[in-house]
Structure formats: C-alpha cells, structure tokens
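Read the structure below first, then the notes.
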Amino acid sequence: MKGKIIILSAPSGTGKSTIIQRLMQIESLGLGFSISATSRAPRGEEKNGREYYFLTPEEFDRRIADNKFVEWEEVYAGTKYGTLAEEVERVTGSGRNLIMDIDVKGAVNVKKKYGEAALTIFILPPTLEVLEARLRGRATDSEESLQRRIKKADLEMTLAPEFDCRVVNDDLDKAVADVRALIEKFIEPGA
Ligand code: ADP
Ligand code: 5GP
C-alpha cells in the first residue's frame, strides 16, 4: 500500500539526512520526501523547493494563521519549521510513501494525528561525543549554533521511548539496512 507516512527524527548531526538520501535511492520503497517550510535562510548550496521552502518569518506566520500546516515547531529560538498540508497531499497524492525529516516534538505530534498510518523512527548517535564530532566534521554550523544543537540533543534523547522504533547510527550501512527493514515491514506487513 502507498500513501503511508514515515518519520525520521534525531538530534541534529546524528546522520538522519544521510540515511534519508540513501533510502530515497531504493526505488522499491516508493518514497517521496516531504519538503518542509522554514523561516531560516538557505545554508550553503540549499535551494528553495529542494531542501526546504524558504519563507520569510512573516510569510511563515501568515500560513500558521491560515491553518496551512499539518504541524510546525519553533525548533530553534526564532526559527520555525513546518509541514504544509499541501506538501503531504502532493507526495501521497502521487502514490508515494511520504518520508519526513522533522524534529522530535513534531514527530510525536504527527504520530498522534495519523496513528497507524504513520511510523516514527528515532535515530540515535552512538554517543554524544560522536555526535559532536559529526557536527564539527560537517562544518556547516557556527560554534554557537553547534553548542545549541548539542545542548538540545540531551533533551531530545529523552523522547526516544515515545517513538515506534529506535535505530543507532554507528555503522552507516547497518543503520540504513535496519531502517530499510523497518520501513519494508511497515509498508508491506504481510510480505
Ligand atoms: P542530520 O541530518 O541528522 O543533522 P547529517 O546526515 O547531516 O545529520 O550527518 C552529520 C554528519 O555526520 C555528516 O557529515 C555525515 O556525513 C556524517 N555521518 C552520518 N552518518 C555517519 C556514520 N554512520 N558514521 C560517520 N559519519 C556519519
Ligand atoms: P536544519 O536547520 O539543520 O535544516 O534543521 C533543523 C531541525 O529542524 C532538524 O531537526 C529537522 O528535523 C527539523 N525540521 C525540519 N523540517 C521540519 C518540519 O517540517 N517540522 C518540524 N517540526 N521540524 C522540522
């Protein structure tokens, strides 16, 4: 069955985007990525409509007022991220399974909303030290942003038990294989 919702969450730097990129290449999973809206500016090579829909803070707030979001969160102070209802329709309407990369609070909310139609997977870093090393290795954040993300990670990990399943991203190939198996079981339970 198509049109199911798969949600991957993890503290920033754990490897969630890397895992999603790999999963998107597995055609049999029929995944379509949910492009979120954000009020932050593009980073590096990011393009509007590819990684995110980049909105001004005013445009973002107007869509909140107009009830256009399935969920949204102020993930970092002053920066909002959210999933537009029309994005969910765009992907599920095309017959694909929607894969979402959203923060842990957003994931818990989407699960409440969609119940059995949604699978929440929490990706865990092997340790907080490894997480910090990955963030530094990625080299996309200022020292201040990096510290903010690490501080937040501790709190986010406390929500891991609320997810349907948990996968540790130590060896990348193994993590991708584990997540793939969970998704296959979810989309084709009898297979
Ligand atoms: P997230 O989307 O969770 O913020 P990224 O996918 O951007 O994280 O990964 C953060 C950094 O860690 C990237 O530089 C990525 O290449 C690296 N990375 C991801 N998974 C692994 C892994 N299993 N082992 C080592 N490095 C990894
Ligand atoms: P970044 O700024 O590194 O791209 O993303 C920061 C965080 O925002 C990540 O944890 C990501 O999962 C989260 N995020 C991205 N899109 C959404 C969304 O639509 N809703 C929610 N709740 N979080 C999101």
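Quick notes on this structure:
- Partner lysines whose Cα lies under 23 Å from the Cα of LYS151, excluding those fewer than 8 positions away in the same chain, are identified as LYS16, LYS80, LYS105.
- Over the chain: helical MRE at 222 nm, DSSP H runs n ≥ 4 each giving -39500 (n - 2.57), nearest 500: -13000 deg cm²/dmol
- Extension gain from VAL168 to SER17, taking 0.36 nm per residue of separation minus the Cα-Cα distance: 52.9 nm
- Charge tally in the Cβ shell below 11 Å around THR120, where Lys, Arg are +1 and Asp, Glu are -1, THR120 excluded: +1
- Residues in region 129-137 carry Karplus couplings, in order, of 5, 5, 4, 4, 4, 5, 4, 5, x Hz; the curve used is 6.51 cos²θ - 1.76 cosθ + 1.60 with θ = phi - 60°, and Gly or Pro positions show x.
- Our note on the geometry: Cα centres of region 160-189 and region 1-70, 19 Å apart.
- A Förster distance of 25 Å, applied to the separation of the beta-carbon atoms of LYS185 and GLN25, puts the FRET efficiency at 0.80.
- Taking only protein heavy atoms and a 1.4 Å probe, the accessible area of the chain is 52% carbon and sulfur.
- Note on the chain: Rg/Rh from C-alpha atoms, Kirkwood Rh, equals 0.94.
- On a per residue basis, region 118-169 carries 53 Å² of accessible surface, using protein heavy atoms and a 1.4 Å probe.
- Karplus (6.51, -1.76, 1.60) ³J(HN,Hα), θ = phi - 60°, over region 140-153, in Hz, Gly and Pro reported as x: 10, 10, 5, 4, 5, 5, 5, 5, 5, 5, 5, 4, 5, 4
- Pair ALA77, ILE64: separation of 7 Å Cα→Cβ label points (nm): 1.6
The values are calculated or read from the model by the stated rules, or taken from the named source; none is laboratory data. Computed from a predicted model, the values in this text were never measured in an experiment. Ideal geometry is used to build each Cβ from the backbone, glycine not excepted, and the neighbour counts take in all protein chains shown. SASA here: full protein model, heavy atoms, side chains in, ligands and nucleic acids out. Shrake-Rupley method; radii C 1.70, N 1.55, O 1.52, S 1.80 Å.
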